[in-house]
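Only one structure is covered here, and it is reproduced in the block below.
Taken together, the values in this text are just the output of simple stated rules run on the coordinates, not laboratory data. Bear in mind that the values here come from a model prediction, so they are computed numbers and not experimental data. Positions of Cβ are backbone-derived with ideal geometry, glycine not excepted, and every protein chain shown enters the neighbour counts.
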Amino acid sequence: MGPPITSRLASREARQLAALIREGLPARGMPPSQVADPEMAYLLRFLRTIQQRALERPVVHMTVQTIDGKRLGGQVLGEGFEDLQLQTDDKRIHLLRRAGDLFREVTSETNWPTYNGDPGGNRYTTLTQINKNNVTRLAPKWVATIPGAGRLEVTPVVVDGIMYVTAQNQCFALDAGTGRELWHYQLPPTPGMVGDSGLNRGVGVAGQRVFLETDHAHVIALDRFTGDLLWDTESADWRQNYFATSAPLPAGSLVVSGVAGGEHGARGFVTALDQDTGKEVWRFWTVPKRGEPGSETWKGKDVDHGGAPTWFTGSYDPELDIIYWPTGNPSAEYNGDHRIGDNLYSDCMLALDRQTGKLKWYYQFTPHDLWDWDATETSVVVDADWQGQPRKLILHADRNGFFYVFDRTNGKPLLAKQFIKNLTWARGIGSDGRPIKLPNQEPTEAGTKVCPSQDGATNWFSPSFNPSTGLYYVQTFEKCGIYTKGDAGEWEAGKSYLGGSQRTAPDPKPQRVLKAIDIRTGAIAWELTQPGPALSWGGTLSTASGLVIFGEEGGGLMAADATSGNPLWSFQTNHAWRASPMTYMFDGKQYVAVAAGSNIIALAIQE
């Protein structure tokens, strides 16, 4: 006579469910149960699969005839006047559109399978249906609202007609042509978390699996047709100030992810798991332990809680079989008294062998960072001519205000050039690859004005590169900050570990500027300054049809000419951007999709 067990699952994390099972609810007729730890793990996994099968709507089955003579029978996941979503007994999802009394099956012809679409990190598409001649007819085709999600930071992923979007500990599968929900996976938020754990930036998809990071630093794999939990691997103990927010990166037979917690003294690492089993294959720590190589760059107690988190999605070159992963700032970021030295491997790009995790090369953008300038900006893998010769390059606009081009085979810096106007901490990058620092730029007890601000010259919002124009498109900040040094105290679980504070300086007036950078010279080909307070965090998408699509400061999704920067079209969402756009081809139509507020908006050319 009690409520179904599925009503008890979503509101409880694993530890709470285990306690409920063992203690029972004797007053309500549920006896205690002595379940051993090994059995409990399997039982909890099974209960999560039940949770996904608990539908709010009644289960309806239907058999339909398709225009090519097939008969499809299965459970109805959703339907409307024009569309029907059917799951057959083999658990496959069929996306159908009505054609009189018959149905035709539809899917995506061009997918977007990872956070940046391309594992190399470049949000560039060869799709040309949306172009400079018709972009003024780009209009919303559907909107899907994620309940209670706040400002989404997710980039949608599309594979075989199914779109996967996330919020904190949630994954939704949607029909990419209508936005209709197919399934929904949810875990309860972890109580007592530190840090910015109330968000999630997306998934990676490979084979039949969807990979997702949870707020408490687990990586999980879901069946991409049913949402059933396939495996759950703990990357780190969240009670030691770890959490996770970004999309895992499928690479070969592995899925690679990182952790957040740099503002809380969590020691960073990159980990690779087997896609089939979730078993850890390798782990690379970004702060060496005392006595290990690199520990000499941490003179003082902070080597034990050094930070250098790995919270943002990296890039992958399948040909070289190298993972390029960005790392964040050292902990006690505004006070370096207890971490004298360069603090490896904070603020770095790491080139890791995909199979073993062995470090092949690294580059540190801001040695001994005192300004919270994570290097967690997307590094873009491109093949292009360099000084008349074809070369394997990787492009990176860093939070510290310099744009870099590297030979990605060996990490040799080929170009490093300032790309913002207001930069006071260094006068350039030397021939040795190190910044040439200027005096009196360290945080002080009285406060020091430094440019750029803590938000950086750019940040995690996505850049893109168009091989036809040779231009790299990146949203930038022109901001300065007041950095104040303080005592970080002793590290404690559940508390921040900052070593001071910062605030945005009122002068110069903060600005948001889209810039097109010539990758061969570092020159700014054009720029587009956007009105507003410079508080938005939307990135760019570039197209072979000569467009740059981006979230502008005033809340509009905008398209500009990729060669000149002239604005061509805008659609007002009235939301401050926290996400970057993507594109895919579905049922013969090119869509652009983006998260705005708590909505996923998909747009296409209006006929």
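Side notes on the structure shown:
- Hypothetical label at T126: residues of the stretch 445-472 whose amide nitrogen lies under 19 Å (7 Å Cα-Cβ projection): 464-471
- Taken one residue at a time, the phi angles of the stretch 281-296 give Karplus couplings (6.51, -1.76, 1.60, θ = phi - 60°) of 9, 7, 8, 10, 7, 8, 10, x, 6, 3, x, 7, x, x, 5, 5 Hz. Gly and Pro are set to x.
- The per residue volume of the convex hull around the alpha-carbon atoms of the stretch 311-433 is 116 Å³.
- Note on Q389 and S564: with the Förster distance fixed at 25 Å, the Cβ-Cβ geometry gives a FRET efficiency of about 0.30.
- Built amide H within the under 5 Å cut-off of N200, gap 5+: E153, Q168
- For G265, the residues whose modelled amide H falls within less than 5 Å of its own, excluding neighbours fewer than 5 places apart on the same chain, are A332, Y497.
- Within the stretch 357-454, the trypsin sites (Lys or Arg not before Pro) that combine a DSSP coil assignment with at most 14 other C-beta atoms in a 10 angstrom radius are K358.
- Extent along principal axes [Cα atoms of the chain; Å; largest to smallest]: 73, 65, 43
- Remark: spin-label model distance S598-D407 equals 5.3 nm, labels positioned 7 Å along the Cα→Cβ axis.
- Length gained when the stretch A99-D237 is fully extended (0.36 nm per residue, less Cα-Cα span): 44.4 nm
- Taking the fewest neighbouring Cβ atoms within 10 Å as the starting point, the ordered list for M163, M30 is M30, M163.
- The stretch 152-270, relative contact order in percent, only Cα pairs under 8 angstrom and at least six apart counted: 20 percent
- Sites I436 and R290, calculated FRET efficiency, Cβ-Cβ separation with R0 25 Å, nearest 0.05: 0.20
- Geometric extent, Cα atoms of the stretch 113-257 - Rg, Dmax (angstrom): 16.0, 54
- Sorting the segments 107-115, 217-225, 76-84 by their mean number of nearby beta carbons within 10 angstrom, highest to lowest, gives 217-225, 107-115, 76-84.
- No Cys partner within the rule (Cβ under 4.7 Å), the chain: C171, C348
- Span from the the stretch 74-94 Cα centroid across to the the stretch 233-273 one, whole angstrom: 35 Å
- Cα-projected label distance for R45 with S253, points at 7 Å along beta-carbon direction, nm: 1.9 nm
- Relative contact order, whole percent, for the stretch 124-605 stands at 14, derived from Cα pairs under 8 Å and 6 or more residues apart.
- Evaluated on the stretch 311-374, the Kirkwood hydrodynamic radius is 12.4 Å, with distances taken between all distinct Cα atoms.
- Rel. contact order, % - alpha carbon contacts under 8 angstrom, at least six apart, the stretch 61-106: 31 percent
- In Hz, Karplus ³J(HN,Hα) per residue of the stretch 263-270 (6.51, -1.76, 1.60; θ = phi - 60°; x = Gly, Pro): 6, 10, x, 6, 7, x, 7, 10
- Between F81 and A27, residue separation times 0.36 nm minus the direct Cα-Cα distance comes to 14.6 nm.
- Among the listed pairs K91/K141; K289/K392; K279/K299; K299/K421; K279/K495; K412/K437, those beyond 24 Å (Cα-Cα): K91/K141; K289/K392; K279/K299; K299/K421; K279/K495
- Sequence-ordered 3J(HN,Hα) estimates for the stretch 314-330 from the Karplus curve with 6.51, -1.76 and 1.60 and θ = phi - 60° stand at x, 10, 9, 10, x, 5, 7, 6, 10, 8, 10, 10, x, 10, x, 6, x Hz, glycine and proline given as x.
- The average projected area of the stretch 473-607, computed from the convex hull of its Cα atoms over all directions, is 12.3 nm².
- When you work out D = kT/(6 pi eta Rh) for the stretch 61-106 at 25 °C and 0.890 mPa s, using the Kirkwood radius from C-alpha pairs as Rh and the Stokes-Einstein form, the result is 239 µm²/s.
- For A505, distant residues with modelled amide H under 5 Å away: C480, G481, I482
- Extension gain, E445 to E492: 0.36 nm times the residue separation minus the Cα-Cα distance gives 14.6 nm.
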